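Working notes, beginning with the structure itself.
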Amino acid sequence: MLGMGVFKQLIKELYEWLLHSIDVATQHLVAMVLKISMVKYLVKEFHDRFIYFIDLLAQHFIIVALSSLLVLVFGVLIGVFVFYNSKARAFLLPVVNFLYTIPSLALFALFIPVIGVGLKNALLVLVLYGLLPIVHSTYNALKEVREEVIKAAIGLGCNPKELFFKVRFLLAIPQILVGLRIAVVMLVAMAGIGALIGAGGLGQAIFRGLNTQNTTLLVAGSLIIALFSVLADQFVSVFQHENALQRLFSQNATQKQKRRVYINLAVFLLLLLASALWLIPRNAIEEKPLVVATKPSSEQYILGEILSLLLEKHHIPIKRAFGIGGGTMNIHPALLRGDFDLYVEYTGTAWVNTLKNPLTQKVDFETIKKRYEKEFNLLWVGLLGFNNTYSLAISKEDAQKYAIETFSDLALHSPNFDFGAEFDFFEREDAFKGLIKAYRFHFRSLHEMDINLRYKSFESHKINALDVFTTDAQIKDLDLKVLKDDKGFFPNYQAGIIIRKEVVKKYPEALEILEKLDSKFSDEVMQDLNYQVEVLKKSPKIVAKDFLERLGL
């Protein structure tokens, strides 16, 4: 009997081991299939968007190269200055440290009213961020030169200038390069955020992928940035290897070291020149291009492409500045400065946020047109025909469970709901601030998040109520219940095109071209276009092109 019991136990353990082995093998097989599938999609993405990625890579290289050079020059100068000036050191080092603690996106936004959007803004912020490792490494390297070395140099007859250049600075080079290596890798990563303020670069692929629910594009952009970081790190390491740069400055380098340093510099300069030449035909053509801006959403990408393709078809040069972070808050001031030339806006946003009208006052399009022309010298080119207004949504199961049809119904049951919305929704009077006054919601919890993560949070059950735009594709995809705004709180958000008056003077035909889009959309049409991009994973440009072809435009 004892032998039989042992035998049964062995059989049981063998069976459990077999099940575990099958489970592990299955997991590995699934992981392998997913990896192969992702690689296949990535290869297709790179193939289909090859020119697009080369454009972004060239932009990213220029941003990183210029910011790295500026950081190196100013960082070393500040490091030297604070080493020799104790009063300046007591002030400047804490300032450099403080700048590093400010969130990068906040700095980008902070300088928009001062210097606008684009490359200048990105360079300024990246330089401010990159100073810390260079300043500290320079200061510490100079400070750590041993006193006996200094005394020996003075004893050999070195004057103060020679003492600095031939002793202190020369001995500090290896540590300065350590700081530069850290700064360059950091700048490669941070330059991606510059896409949010129209600076271009590989961050554009990441944010476009995020905004259009295109994971492959997001991963592709991230992988290129990661590879760029590795290559940038290796570039600086060449100067560090066997103290090659230090030996070159001390005229003590071998021919092999000299050759490696010079080849490294030559490759850098050639890549910088190639990037500039690659982008010149697109940015510095005979006529200054019109800059089409968009907010960071699938709908805006599609509409931006529709405007761009339509104008390009009529031989008007176009530059795309898509996915501008902050939306109207940053695009409108940039439009007034002339950084952007046209974009699609919504009447409700213009009425409440730009013109500062009270929510109680009904949106009047004629008033909007007159005030925009008078106060901002901007023209509204009709209306596209769809109303992308705010609403609230829950699952159909919850709607049935609690018998919820309207906002007022949701308010009664709001303690049972976790509500999620984008950051600016909670800050706007025409959104959450006014909404809770009108309906007296008391949600169980509130969750602020990026606009493109609301639906993923809903799918993962982190929230069970959210704000939606009535043309959102995910409403259809997730089969949500869109509730009725029974008190009419949200204003109409009719989409229309805003263009600078100066542009119309230069290109009078642009007005007539854009007017062809008047009333060519509906809520259902726009939702379908969004669905093609966000769910079917089509390119916004392809969707826009197909739409224009269907219209015969």
Item to check | From ARG454, ARG444, residue being touching a helix residue (DSSP H, G or I) at 6+ places or on another chain (Cβ under 7 Å) and not assigned by the TED database to the domain that holds LEU336 | outcome: ARG444
Item to check | Residue within the range 432-449 that is of a type in the set (D, E, K, R), closer than 30 Å to LYS520 by Cβ and part of a loop (DSSP other than H, G, I, E, B) present | outcome: no
Checklist entry - Restricted to the range 228-266, and to residues that are within 32 Å of the chain's Cα centre (by Cα) and of a type in the set (Ser, Thr, Tyr), which residue is nearest to SER68 (Cα to Cα)? => result SER229
Checklist entry - Among the residues of the range 462-478, is there at least one that is surrounded by fewer than 18 Cβ atoms within 10 Å (Cβ to Cβ), within 30 Å of TYR41 (Cβ to Cβ) and modelled with pLDDT of 90 or more? => result yes
Checklist entry - Are any residues in the range 38-85 free of Cβ contacts under 8 Å to residues at least 12 places away in the same chain and of a type in the set (A, V, I, L, M), and if so, which ones? => result VAL39, VAL43, ILE51, LEU69, VAL73, LEU77
Item to check | Condition met for LEU412 (hydrophobic (A, V, I, L, M, F, W, C) and either surrounded by fewer than 18 Cβ atoms within 10 Å (Cβ to Cβ) or out of contact with any strand residue (DSSP E or B) (no Cβ under 6 Å at 6 or more places or on another chain) (or both)) | outcome: yes
Checklist entry - For the range 45-84, how many residues are more than 27 Å from LEU142 (Cβ to Cβ) and in a helix (DSSP H, G or I)? => result 18
Checklist entry - If you take the residues of the range 173-197 that are within 9 Å of SER137 (Cα to Cα) and touching a residue at least 60 places away in the same chain (Cβ under 8 Å), which of them is nearest to the chain's Cα centre (by Cα)? => result LEU180
Checklist entry - If we scan the range 335-342, do we find a residue that is buried (at least 18 other Cβ atoms within 10 Å of the Cβ), among the acidic types (Asp, Glu) and part of a helix (DSSP H, G or I)? => result no
Checklist entry - Only one of (1) within 26 Å of PRO317 (Cα to Cα); (2) modelled with pLDDT of 90 or more; (3) under 15 Å from the mean Cα position of the chain (by Cα); (4) not basic (Lys, Arg) is not met by ILE225, so which one is it? => result (1)
Checklist entry - Going through the range 355-381 one residue at a time, which ones are closer than 21 Å to VAL503 by Cα and either in a helix (DSSP H, G or I) or at pLDDT below 90 (or both)? => result ILE368, LYS369, LYS370, ARG371, TYR372, GLU373, LYS374, GLU375, PHE376
Checklist entry - Does any residue in the range 452-479 that is among the aromatic types (Phe, Trp, Tyr) come within less than 7 Å, Cβ to Cβ, of a residue that is assigned to a helix (DSSP H, G or I) six or more places away or on a different chain, and which pairs are these? => result TYR455/GLN474
Item to check | Selection from the range 229-278 of residues that are closer than 27 Å to VAL167 by Cα, hydrophobic (A, V, I, L, M, F, W, C) and part of a helix (DSSP H, G or I) | outcome: PHE235, VAL236, VAL238, PHE239, ALA244, LEU245, LEU248, PHE249, VAL261, ILE263, LEU265
Checklist outcome for this item: Among the residues of the range 89-138, the number that are touching a Phe, Trp or Tyr at 6+ places or on another chain (Cβ under 6 Å) and either farther than 30 Å from VAL292 by Cβ or among the acidic types (Asp, Glu) (or both) is 1
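Sort through ALA205, ALA183, ALA195 and tell me the only one that's farther than 18 Å from PRO540 by Cβ and either of a type in the set (A, V, I, L, M, F, W, C) or modelled with pLDDT of 90 or more (or both). Give the steps one after another, and end with the answer.
On the way: ALA205 fails: farther than 18 Å from PRO540 by Cβ; ALA195 fails: farther than 18 Å from PRO540 by Cβ.
Of the residues listed, the single one that is farther than 18 Å from PRO540 by Cβ and either of a type in the set (A, V, I, L, M, F, W, C) or modelled with pLDDT of 90 or more (or both) is ALA183.
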Checklist entry - List pairs: first in the range 516-538 and farther than 26 Å from LEU42 by Cβ, second of a type in the set (A, V, I, L, M, F, W, C) and part of a loop (DSSP other than H, G, I, E, B), Cβ under 7 Å, 6+ apart or cross-chain? => result LYS516/LEU553
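Quick check on the range 518-530. Is at least one of its residues assigned to a strand (DSSP E or B) and over 20 Å from THR212 (Cα atoms)?
No, there is no match, as no residue in the range 518-530 is assigned to a strand (DSSP E or B) and over 20 Å from THR212 (Cα atoms).
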Next on the checklist: If I filter the range 382-431 down to residues being of a type in the set (Gly, Ala, Ser) and part of a strand (DSSP E or B), which single residue comes out as nearest to ASP450 (Cα to Cα)?
Outcome noted: ALA421
Item to check | Of residues in the range 129-172 being β-branched (Val, Ile, Thr) and assigned to a helix (DSSP H, G or I), the one nearest to GLY192 (Cα to Cα) | outcome: ILE134
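Specify which of the listed residues (VAL64, VAL71, VAL96) is in the same structural domain as LEU142 (by the TED database) and touching a Gly at 6+ places or on another chain (Cβ under 8 Å). Please lay out each step first, then the result.
On the way: VAL64 fails: touching a Gly at 6+ places or on another chain (Cβ under 8 Å); VAL96 fails: touching a Gly at 6+ places or on another chain (Cβ under 8 Å).
The unique qualifying residue is VAL71.
The values are calculated or read from the model by the stated rules, or taken from the named source; none is laboratory data. Note that this is a predicted model, so its numbers are computed, not measured. Every residue, glycine among them, receives a Cβ derived from its backbone with ideal geometry; neighbour counts consider all protein chains shown.
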